[in-house]
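K.L.:
Quick one: this structure, given as structure tokens, is what I'll be asking you about.
The values are calculated or read from the model by the stated rules, or taken from the named source; none is laboratory data. Only a predicted model underlies this, so the values are computations on that prediction, with no experimental measurement involved. FYI the Cβ positions are ideal-geometry reconstructions off the backbone, even for glycines, and counts take in every protein chain you see.
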């Protein structure tokens with residue numbers, strides 16, 4: 001199996017560095033929501049180069065934008081950097097998720113926009129020969145698939161939790177405490193939520209094994225993870241709302257989860273801006 005790592009990569013912190021990867025996988029950026037850390041994502045894209053970039057769904061949050069419009073300068077910067085990578089020779093593949101499902105109606109057309117290919121799913125072969133199925137993952141979420149009204153209700157509850165989290169953390173900051181994620185804590189504490197994550201991971205791994213893949217890359221549940229499930233690699237690249245994680249492949253085929261905010265000491269307290277100041 002591929003060499004796996006979740007430890008920080010040396011050399012990402014200093015200003016001016018430009019990590020070069022073979023492949024980068026990101027998902028669940030939820031552009032169009034106030035919770036999106038588009039400023040951190042723009043910083044990551046500006047300072048990173050890769051041969052392949054996979055956008056693994058829920059990049060633009062159509063559900064939220066239909067209700068209310070929110071789009072700032074850092075959102076524009078994210079899109080500019082993605083297009084820059086595509087025009088600079090990076091193979092960019094966009095796999096729509098459930099929040100950007102409006103793009104799924106375009107899939108039969110086989111469109112390529114600004115060098116970005118739209119696909120329902122994708123296959124990637126790592127440098128050391130492992131075949132990975134790349135899919136957003138909502139197809140294996142029974143709530144999204146069979147009870148969309150519950151998914152919409154859950155989305156409302158998640159948004160409300162994020163809003164409460166901002167107020168709660170404002171108080172924590174005044175008291176001198178660090179940032180703390182309410183929704184992430186709830187996921188860990190609520191037994192049924194933990195079971196749902198386990199079922200999701202097992203379902204994705206089983207699908208990859210059934211189709212003869214060595215592993216699966218997905219997003220959807222905002223829970224970065226890298227582990228073997230019944231002999232198959234389960235790789236979830238996380239999100240850019242409450243964490244800022246990406247899955248990367250090094251040129252030797254080694255796979256690694258990186259937390260951009262932690263590696264670069266970026267503060268969730270910082271106001272959003274078009275360009276993030278580098279950590280010293």
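K.L.:
Testing residue 64 on (1) in a helix (DSSP H, G or I); (2) modelled with pLDDT of 95 or more, one condition comes back false. Which one is that?
P.N.:
Result: residue 64 fails condition (2) only.
K.L.:
Also, quick follow-up: For residues in the range 223-243 being over 14 Å from residue 55 (Cα atoms) and assigned to a loop (DSSP other than H, G, I, E, B), which is modelled with the lowest pLDDT?
P.N.:
242
K.L.:
Okay, moving on. Given (1) touching a helix residue (DSSP H, G or I) at 6+ places or on another chain (Cβ under 9 Å); (2) part of a helix (DSSP H, G or I); (3) buried (at least 18 other Cβ atoms within 10 Å of the Cβ), identify the lone condition not met by residue 86.
P.N.:
Status for residue 86: all satisfied but (1).
K.L.:
As an exercise: evaluate residue 78 against (1) at pLDDT 95 or above; (2) at positive phi and give the number of the one condition it does not meet.
P.N.:
(2)
K.L.:
Can residue 92 be described as under 28 Å from residue 21 (Cα atoms) and out of contact with any strand residue (DSSP E or B) (no Cβ under 6 Å at 6 or more places or on another chain)?
P.N.:
Values: under 28 Å from residue 21 (Cα atoms): yes; out of contact with any strand residue (DSSP E or B) (no Cβ under 6 Å at 6 or more places or on another chain): no.
Against the criterion (under 28 Å from residue 21 (Cα atoms) and out of contact with any strand residue (DSSP E or B) (no Cβ under 6 Å at 6 or more places or on another chain)), residue 92 does not qualify.
K.L.:
Something else: Give me the residue from the range 247-266 that is touching a helix residue (DSSP H, G or I) at 6+ places or on another chain (Cβ under 9 Å) and assigned to a helix (DSSP H, G or I) and, out of that set, nearest to residue 129 (Cα to Cα).
P.N.:
Per the stated criteria, the residue is 260.
K.L.:
Looking only at residues that are farther than 17 Å from residue 121 by Cα and under 15 Å from the mean Cα position of the chain (by Cα) in the range 44-59, which one is surrounded by the fewest Cβ atoms within 10 Å (Cβ to Cβ)?
P.N.:
Step one: of the range 44-59, the residues farther than 17 Å from residue 121 by Cα are 44-51.
From the residues that got through so far, the ones that are under 15 Å from the mean Cα position of the chain (by Cα) too are 44-45.
Working: 44: 26, 45: 23.
Filtering first and then ranking leaves 45.
K.L.:
Next up: Can you report the number of residues in the range 97-141 which are within 19 Å of residue 234 (Cα to Cα), more than 18 Å from the chain's Cα centre (by Cα) and either assigned to a strand (DSSP E or B) or at pLDDT below 90 (or both)?
P.N.:
Within the range 97-141, residues that are within 19 Å of residue 234 (Cα to Cα), more than 18 Å from the chain's Cα centre (by Cα) and either assigned to a strand (DSSP E or B) or at pLDDT below 90 (or both) number 2.
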